[in-house]
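K.L.:
Before I ask anything, let me first share the structure, which is written out below as structure tokens.
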Amino acid sequence: MKTKFAFIVGSISAIGGMVFAAMAQSIAFNNVKGYSPPRSETSYGAQEQVLQNIGLLIMAFGLLLILITFRECLRASHRDHRPARNEG
């Protein structure tokens, strides 16, 4: 149950982070009618960069959570298939 929950949270975080990073420009320039050609020098450009970085951090967290979940599943399946020792 914990692994399914971690996988679902990781997937949602990864997808949400990708969408957030992709939508950073439209979020930052939402109420702007016009801007000068080098938009990276405006305050909206700086806000866009920050939003993209936040989205990428969320995506990285989700991918890390998925990776850890798969690793734990593989370790658990490896433990289940280990031959029992004969003590005696």
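K.L.:
Run the quick spin-label model on S77 and E41: label points 7 Å from Cα toward the beta carbon, then report their separation in nm to one decimal.
P.N.:
Between S77 and E41, the label points sit 5.6 nm apart.
K.L.:
Quick check: convex hull of the Cα atoms in region 2-80, volume per residue, rounded to a whole Å³? Working shown, then result.
P.N.:
Details: hull volume 5.9 nm³, N = 79.
For region 2-80, the hull spanned by Cα atoms encloses 75 Å³ per residue.
K.L.:
Report the calculated FRET efficiency for F7 and N53 (r = Cβ-Cβ distance, R0 = 22 Å), to the nearest 0.05. Can you show the working numbers first?
P.N.:
Values: r = 25 Å, r/R0 = 1.14.
Taking R0 as 22 Å, the efficiency between F7 and N53 is 0.30.
Every read-out reported here was derived from the displayed coordinates using simple, explicitly stated rules and does not represent laboratory data. Keep in mind the model is a prediction, meaning the values are calculated, not measured. Cβ: placed from backbone, ideal geometry, glycine included. Neighbour counts: every protein chain shown.
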